[in-house]
Structures are given as structure tokens and as C-alpha cells.
1. Explain nothing, just compute: Karplus ³J(HN,Hα) = 6.51 cos²θ - 1.76 cosθ + 1.60, θ = phi - 60°, for every residue of segment 366-381 in order, whole Hz, x for Gly and Pro.
2. Can you find, among 382, 362, 165, the residue sitting farthest towards the positive end of the charge dipole of the chain, where Lys and Arg contribute +1 and Asp and Glu -1 at Cβ?
3. What size of dipole, in debye to the nearest 20, comes out for the chain about its Cα centre when the only charges are +1 on Lys and Arg C-beta atoms and -1 on Asp and Glu C-beta atoms?
4. Using the Karplus curve 6.51 cos²θ - 1.76 cosθ + 1.60 with θ = phi - 60°, what ³J(HN,Hα) values do you get for each residue of segment 105-117, in whole Hz, with x for Gly and Pro?
5. Answer with a single label: of [x] 56, 26, 19; [y] 41, 26, 22; [z] 31, 27, 23, which was calculated as semi-axes √(5λ) of the Cα gyration tensor in Å from the structure in view?
6. Quick one: which residues, 5+ away or cross-chain, put their amide H under 5 Å from the amide H of residue 171? H built at 1.01 Å from N.
7. Starting at the first residue of segment 93-101, write each ³J(HN,Hα) from the Karplus equation 6.51 cos²θ - 1.76 cosθ + 1.60 with θ = phi - 60°, in whole Hz, x for Gly and Pro.
8. Over the chain, calculate the relative contact order: mean separation of alpha carbon pairs under 8 Å at least 6 apart, over the residue count, as a percent.
Amino acid sequence: MIPSVLTERALSELGRTAGGPDTLALLQRDQHLRRLLLLRAILDAVDAADPEVCPGPLRDRLREDWALLVEADRELVADVPAHGEGRGVRLSPARTVLLYPLVGPWGRSCLRALGAVPASHAARRQQAATVRRGLAHFSTLAAAAAVRAGVPFSVRLTTTEGTLHLPSLGALRTAEPGEEAVGVVHRDGRTVLRRRGCADVVVHDPRDGAGSGVSVATHSRADSWAPAYSLPSLLPGSGSVPLDDLDPYRMVHGDLRSQGLSGPATLDGAGRERWLRSWSGVLAMLRLGGEHRVAEVVALLRCLVPLVAPAGAEGQGRAAGNCSGTRREAFGAVLSSTPPTPATFAATLVHEVQHAKLAAVSDMVVLHREGPQERYFAPWRPDPRPYDGLLQGVYSHVALADFFQRCALTAAARPGQREAAWREHARYREQVRVTLPVIAEADSLTSCGRRLVDQLAGECERMGENPPPRGARIRAEAAVNTARALWLRSRAPQEGASS
């Protein structure tokens, strides 16, 4: 059992979709400890795996990689829990690599492959190939952590589908589509990548004191090396934010389609410039909605994963052609197509950070005991939602209603900006008005879940003290009524057939 304590104060703050420094730090510590538990589970699963799936040479290489990690971070052995026990997680340069959000999807994928029971010989071969790729990625994690820590080493790594990705540093792209051996030597602040018959690629030491994933420079064959790219820090001293279009585990096939999201994008210079233009205005937009929105983004956002803009995508509260999401196993990552404006970018961050917060809370305490049946109406989606999905939506929409109301009420808002903010506030609050009672009436809420929902209801009452203009409210009500009518119409044939 993980010794995480969610205090009454923290639960109260989170129920208001806020969170002070101590509360946000608590969520981070708990997620970091879970990441170390995941690493321990992978180590144990490798030891227990069928030799046909994980043969001896793979196990030996894993031990070598683990030894390199320990050299990069001497306290790693003490901090990785053996039986669900652990202490606070110190963010050393090497540890920053292991706790990077996208290490989570890799770990889950690797653990599933190690524990799978194949139904056929062909499935076993596929399982063995997945395990081999997963452990090869662990080798790159160990090498990147050692680079970040300044530990000299010499290892041989393997490309996957023509790419060798060194997390937080960059990726080497080759002309060969399959696997290829690459020698990697790190000495005196330089990392040299060597391939047979090719010129060396030399990567300069990327350390900036915080291991924040800053861009790196290269000498020779720079066309084959794609450096990691980061957006500037939001606040002085807060660290840059990786804009990660390189990590091979930023999307596992099929895991985004259920959220209606597009696939991962690879950015060129113009694409990065568009992200940078929107990012440069995000801080000012977040501040219109309250300093607590700035604080939670600075505390919890650890990387952005660019997505392809879905053709013809339309979503209430989002710009046409824009989509975004989070992944529960990638705490700190926000996936998004290019935000067209700073306002859209800020609202996206407010929205997605709430999902990350509530998912982290759900890992710490049980909020409800509802099943996965998809049967609830949500005015922001055409399909029925499970109870947990409805709770997630209500939570993020309360935060957005609060964000836009504060934008509308602040003296810093321009007239046109204020009108737009009232429209957004009215829409989100009306959506919550019709769904929050459904959440609150459920008998399956635990005591923690009940306190959280009661705080959400109190937050909605507080917002009611400053109602939106009448026109904005009427349009919001009409939009929700239309969404309900369409939903009922789409459900009628199913209900008639079932009756």
C-alpha cells in the first residue's frame, strides 16, 4: 500500500478546482512514487518472465543499464520501493529523466508485455519483440540519465524503425528502417554517436542545472540529429517546457482514438514557431483567470505533445480544428494540436491540468464505486459517458467556468475579450448546471467523493453571485437543450429495441 495521505485541506482545495503549493506538491510526490513502483514492477517482471520472452542476454543488459542508472543517481536503490514502501522523491538530473511523463506509457506498455499470457506461438513471438523493444528503450533512458548527470560511459544502443531516441536530448534518424547498432560514448561534456560507415554525430552537454530538457547543439551530420525542443519557462526559474514530438511512447496505438484525438505530429521550424507564438501570450491569459491557474500550470505541466489537427474537428469550448487530451499514465503531459491563439492555449492548459489533478486524486483515494457503463448524458459530447468520465468532465468544466468568469470580471480584460469570456463562462456553467446534480445524486460516492462534489457545488453557487449577461445565458441554455435533444434522439432507437 502506498503511504499517501490526502488531507482534508487538500481535498477541500481540489474540490474548488484549485490547489495550494503543498497540495500540488503532494500530488507530484505521490505520482513520482508510483513511477518508481512501476520501475520496481518491471525489474521484478523481467526476473519472473519466461526465458523465451525475455532471454538471458536481455536480462543481463537490463542489469547493466540499471547499474548505469545507479551510478547516475546513487540514491536510486534506496528510493525505489521494494514492497510499496518509499520515501520522498528527490529530483536529481538523472531522476528527472525517469520521472518524465512519457516514461509512464513506456513502463505500462513494457509491464503489460512482460505479464501477457500469449494464446499462440505467433503471439509469443510478438510479445518477445515488444519486450525487446521496451527494454531497448530502457537502455536509452539509462544513457540519457547518465548524460544528464555527467557520468562518463560507453554503451551500444539499438535503433527502432530507423530512429534512436535519447529521452530529453533528441533523436538520431538513420536511413535504415530496421534495427541498427549505434555506439554512444559520453566524455567531458560531449556525447558521440557512432554508426558503421557514417560520420560521428557529436552532441554538446545539455545540462542546465535542472535537467529541464533544453535544446542541444550538434557538430557534423546535424541533418541526422533532431535535438529536443523546449518552450521557454513560463515564470523565471520555473524551467522550460519540452515540446516533445520525438518520444516513441508519446502515443501507444489506439490509446487516443477513444478520446477522439488525432495522432502525434512531427514539427518543422514553422510548426515550432506557431507553438511559440501562442505560448508567448499564455502567461498573460492565465493571469486573467487568477494566479492560482498560473501556479498549477507551472507546478504540474512537464511536457507538451503536439498532435495533428483533426480535419473538421469541432468541440464545444474549443476552436474548430483544435483538440487536446491527457493520459492517466503520463502525469504532467498535455497532448494538443497547435493552439491557434494564446487564449485557446491557456484554456486548454486549464482544462487538461484539471484532468491530471483529478486522475492523481483518484489514484490516492476512491471517489466512487460506479461501474464503467456508458449511460450518462454530457452536453459537451455526443456519446454517452461512464460515471467517471462524467465526473472528470464536470470537474474540468467547473474550472473553466471559473477561469472565464474571472477573465470577464477582471479590469485588465479588453471589452471584446470580456464579452468572449462571458460567453465561455455561461456555456461551461450551464453544462455543469445540468450534469453536477447527476453526479451528486449517485449513491456510489465515497465520503471523499462526496466532499469533493460538495465543494464543486459550492464553487458553482459562488459563481452564481456574478451571473453572465442575459444574452450569453440564453444562448448557453439553448445550446445545452439542443445537445440534450440530439442525444435523446440518438438513444431512442436503442431504448426502443431494448424494450
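The values are calculated or read from the model by the stated rules, or taken from the named source; none is laboratory data. The shown structure was predicted, so the numbers you read here are calculated from the model rather than taken from an experiment. Every residue, glycine among them, receives a Cβ derived from its backbone with ideal geometry; neighbour counts consider all protein chains shown. Heads up: the accessible areas ignore ligands, DNA and RNA and are worked out on the full protein's heavy atoms, side chains in. Shrake-Rupley method; radii C 1.70, N 1.55, O 1.52, S 1.80 Å.
1. 7, 9, 7, 10, 6, x, x, 4, 8, 9, 9, 7, 10, x, 9, 9
2. Positive-most Cα among the choices belongs to 382.
3. Working: 61 positive and 53 negative charges, 144 e Å.
Dipole about the Cα centre, nearest 20: 680 debye.
4. Once rounded to whole Hz, the list reads x, 4, x, 5, 4, 5, 5, 4, 5, 5, x, 5, 10.
5. [y]
6. Those qualifying (amide H under 5 Å, at least 5 residues apart or on another chain) are 166, 226, 228.
7. Per-residue couplings from phi come out as x, 5, 5, 4, 5, 5, 9, 4, x Hz.
8. Result for the chain is 13 percent.
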